[in-house]
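The values are calculated or read from the model by the stated rules, or taken from the named source; none is laboratory data. Just so it is clear, the model here is predicted, and its values are computed rather than measured. FYI the Cβ positions are ideal-geometry reconstructions off the backbone, even for glycines, and counts take in every protein chain you see.
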Amino acid sequence: MRFLRFLLPGIILIFLIQPLLAEKAKSQSDTAHFYMKHNFDVLKYILDIDLYNCYLAPYPRSFNASLIVSLRVDTALSFICLNAINSSIEIDSVRLSGISFTHLNDTVKIMLDRWYQPGEILSVNIFFRHKDIVDHALYTGNGYVFTDTPPEGARKWFPCWDRPSDKAKWELTAKVPATARLGSTGYLADSVLSGDTIRYHWVSDHPVATYLITISSKINWLIHTGYWHKLANPGDSIPIRLYYKSGETLNIINNTLNPVTDFFAQKFGEYPFEKIGFATLNNTFPWGGMENQTLVNLRPGGFNDPNLIAHEHSHQWFGDLITCGTWADVWLNEGFATYCQNLWLENSEGYDAYKLSMDIVANYYLGTNPGWSLYHPQWAIHTPSGNELYNQAITYNKGACVLHQLRYVLGDSLFFSALRAYVTDTAFMFNNAITEEFVQKINEVTGQNLNWFFDTWVYGPNHPVYENTFEIIPLGSNSWKIKLVVNQVQTNAGFFKMPVQIGVSFTDNSDTLFQVMNNSNHQNYEFLFGKEPQNIDFDPLRNILLKQSTTIVGVKNSGELSGYKLLQNKPNPFRGSTSGAFEIPRQETVTISVTDVNGKTILVPIHGLYSPGLYRFDFQHVSLSPGIYFLKMQAGTFQETKKMVAFQ
């Protein structure tokens, strides 16, 4: 269906929006900045670790290590404190600028050899052991040894300042059996074979957050190497290293990795790091994937999942190059990566595939929304559990949908220009960003004050629930008027200002689509046409993903009512969304439900008290499996059922 697009003015009624949202957001960001600061800045971790015995049955988790932590002093100090979980780490001694230590309550306090003043650089050498315990940070078994530490598990396998805001360079020397292959963050400086032992030396000259540092290794791992050529200078290339076990196939990841890197580099700037690395682990790995800087870990079979590859690879820009400043800002990592995997789908399979996938993302949020805001200020201070922090509905899905809606508000050209400007801003590159800074950057690049958008969709909870009414009025002389009232009825959130698209179909089978700004509740619009309108669609392209999936549009009574009636939904068969209508001659409580062939209720698009009239309703349920369903109406003693067919 081809739509013509034009803007018509509406009649605006005044509605008071929550006045303190912007001030509240600023207060929250001030808090975030405060908790990003401490009295020193870690510059580099240099870890020398002996993992040799971890590869041998019974695969202990114990190892010995020496760590040098170099740091710059921000505030005059005579001691430093680092995170080190007592149940995992045993500190033996400290040297260099460290002269003594205490290790209590998961914190190692290191007394220094003197007072150090702001700007001075010092190093402490910590000798420690990892205990043979299960701590869900260091994993061993059947020849695998790997780490996985989001959000704050790095403190379980080496002492560190374990917050995302203090990124530091990384250097690792690891002693392993000669048959082991070991990857880590950065580039491989050298590997030295001596008898039955090999020492791998990995270096990252780019700062990395502690939770993005990894050791990934296995006895008899296979390594596939390749190169990605930079877009601006094809003669300059980035090495690709794929770690995998015998029997795994590389066809899909090999066919995906270079094109997806090209795509993200075109959108967001050149790939920023020393190498591109992926490794598949075993079933003890707790995630689908983990975006460790320059070495992504994947679940078994992950090389065969282009969406997973795209999601994790996009983190090298969103999460690794620019890391969330606090955990309250984690949506800047995961919401962006979820959106980027769908952008890749759009690039590889077209906009319809992208939009269908985003509809599924939105429906998951709508079905499981816990009612939190996307920005959760307490998380800047107190790190939540992993289940809270990495909540699929909020952190991933709502975050991705907010970006889709921002794209809708700005248009493609301005949206992608703003994202690229954010990613390539040297203030953020290889550094951190908080939500307030992202908002400021978008406002700066677009030349607009978009606080109204972020105040509700990011800083506020939940989403709008629309119940709109319209009336088609013949004026004579081939002229018709549509009166539309846009209503938001949610009680768990404030008003959501948004541009909304209105689709109108006419009796001559033509259509048009136009856009109005909905900036107050109960807002009235009038539209004049020189041909007869037949129907109206509110947000027909579903660009406002985060709204109640049962958007109600009523048609007021304009003549004799024939009685109770349930009209057949259209289209039928349908995919993803369809529309229906019902008529009642008197005020009734009406329930419209969708059931499967076994009588199980799948969803209830209509339930409420309605005045006499003819009503049209839309509903989306893109995750319905193909098959036969029934649309059922109950109004007083009246019942009627229509058969529906959903298809792929």
### Task
Report the residue count in region 102-131 for those that are outside any strand (DSSP E or B) and in contact with a helix residue (DSSP H, G or I) (Cβ under 9 Å, 6 or more places away or on another chain).
1
### Task
Looking only at region 233-252, decide whether some residue is among the small types (Gly, Ala, Ser) and touching a helix residue (DSSP H, G or I) at 6+ places or on another chain (Cβ under 9 Å).
no
### Message
surrounded by fewer than 16 Cβ atoms within 10 Å (Cβ to Cβ), without any contact (Cβ under 8 Å) to a residue 40 or more places away in the chain and more than 18 Å from GLU334 (Cβ to Cβ): is that true of ALA427 in this structure?
### Response
yes
### Query
Within region 198-220, restricting attention to residues that are part of a loop (DSSP other than H, G, I, E, B) and among the hydrophobic types (A, V, I, L, M, F, W, C), which residue is surrounded by the fewest Cβ atoms within 10 Å (Cβ to Cβ)?
ALA209
### Query
Where residues in region 102-114 are surrounded by 13 or more Cβ atoms within 10 Å (Cβ to Cβ) and without any contact (Cβ under 8 Å) to a residue 24 or more places away in the chain, which of them is farthest from SER78 (Cα to Cα)?
HIS103
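Rundown of residues vs (1) touching a Pro at 6+ places or on another chain (Cβ under 9 Å); (2) at pLDDT 95 or above; (3) hydroxyl-bearing (Ser, Thr, Tyr), yes/no style:
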{"site": "LYS37", "(1), (2), (3)": "no, no, no"}
{"site": "ASP41", "(1), (2), (3)": "no, yes, no"}
{"site": "ASP50", "(1), (2), (3)": "no, yes, no"}
{"site": "THR75", "(1), (2), (3)": "yes, yes, yes"}
{"site": "SER78", "(1), (2), (3)": "no, yes, yes"}
{"site": "ILE91", "(1), (2), (3)": "yes, yes, no"}
{"site": "THR102", "(1), (2), (3)": "no, yes, yes"}
{"site": "VAL134", "(1), (2), (3)": "no, yes, no"}
#### Entry: Flag for THR284 being among the hydroxyl-bearing types (Ser, Thr, Tyr), assigned to a loop (DSSP other than H, G, I, E, B) and surrounded by fewer than 24 Cβ atoms within 10 Å (Cβ to Cβ)
yes
### Query
Using beta carbons and a limit of 6 Å, which pairs, at least six apart or on different chains, have the first residue in region 376-396 and part of a helix (DSSP H, G or I) and the second one among the β-branched types (Val, Ile, Thr) and modelled with pLDDT under 95?
ALA380/THR31; ALA393/THR368
### Message
Given the options GLN534, GLN515, name the one that is part of a strand (DSSP E or B), closer than 29 Å to TYR351 by Cα, modelled with pLDDT of 95 or more and not β-branched (Val, Ile, Thr).
### Response
GLN515
### Task
List every residue pair whose Cβ atoms lie under 7 Å apart, where the two residues are 6 or more positions apart in sequence or sit on different chains, the first residue falls within region 82-98 and is in contact (Cβ under 8 Å) with a residue 40 or more places away in the chain, and the second residue, located anywhere, is aromatic (Phe, Trp, Tyr).
LEU82/TRP161; ASN83/TRP161; SER88/TRP157; ILE89/PHE128; GLU90/PHE128; ILE91/PHE101; ILE91/PHE128
#### Entry: Single residue of LEU484, LEU419 found to be out of contact with any Leu (no Cβ under 8 Å at 6 or more places or on another chain), closer than 30 Å to GLU526 by Cα and crowded, with 17+ Cβ neighbours inside 10 Å
LEU484
### Query
Inside region 596-648, counting only strands (runs of 3 or more DSSP E) that do not spill past its ends, which hold 1 or more residues that are crowded, with 18+ Cβ neighbours inside 10 Å and without any contact (Cβ under 8 Å) to a residue 60 or more places away in the chain?
601-610, 613-620, 627-635
### Query
What are the residues in region 258-277 that are part of a helix (DSSP H, G or I) and either out of contact with any Gly (no Cβ under 9 Å at 6 or more places or on another chain) or crowded, with 22+ Cβ neighbours inside 10 Å (or both), if any?
PRO259, VAL260, THR261, ASP262, PHE263, PHE264, ALA265, GLN266, LYS267, PHE268
### Task
Select from region 344-356 the residues that are buried (at least 18 other Cβ atoms within 10 Å of the Cβ) and in contact with a helix residue (DSSP H, G or I) (Cβ under 7 Å, 6 or more places away or on another chain) and write down the one among them that is farthest from ILE253 (Cα to Cα).
TYR354
### From ILE80, ILE99, ILE91, ILE85, residue being within 30 Å of GLU437 (Cβ to Cβ) and either in the same structural domain as GLY186 (by TED's automatic domain parsing) or in a strand (DSSP E or B) (or both)
ILE80
### Task
Starting from residues that are of a type in the set (Gly, Ala, Ser) and modelled with pLDDT of 95 or more, keep the ones in region 221-245 and report whichever is surrounded by the most Cβ atoms within 10 Å (Cβ to Cβ).
GLY226
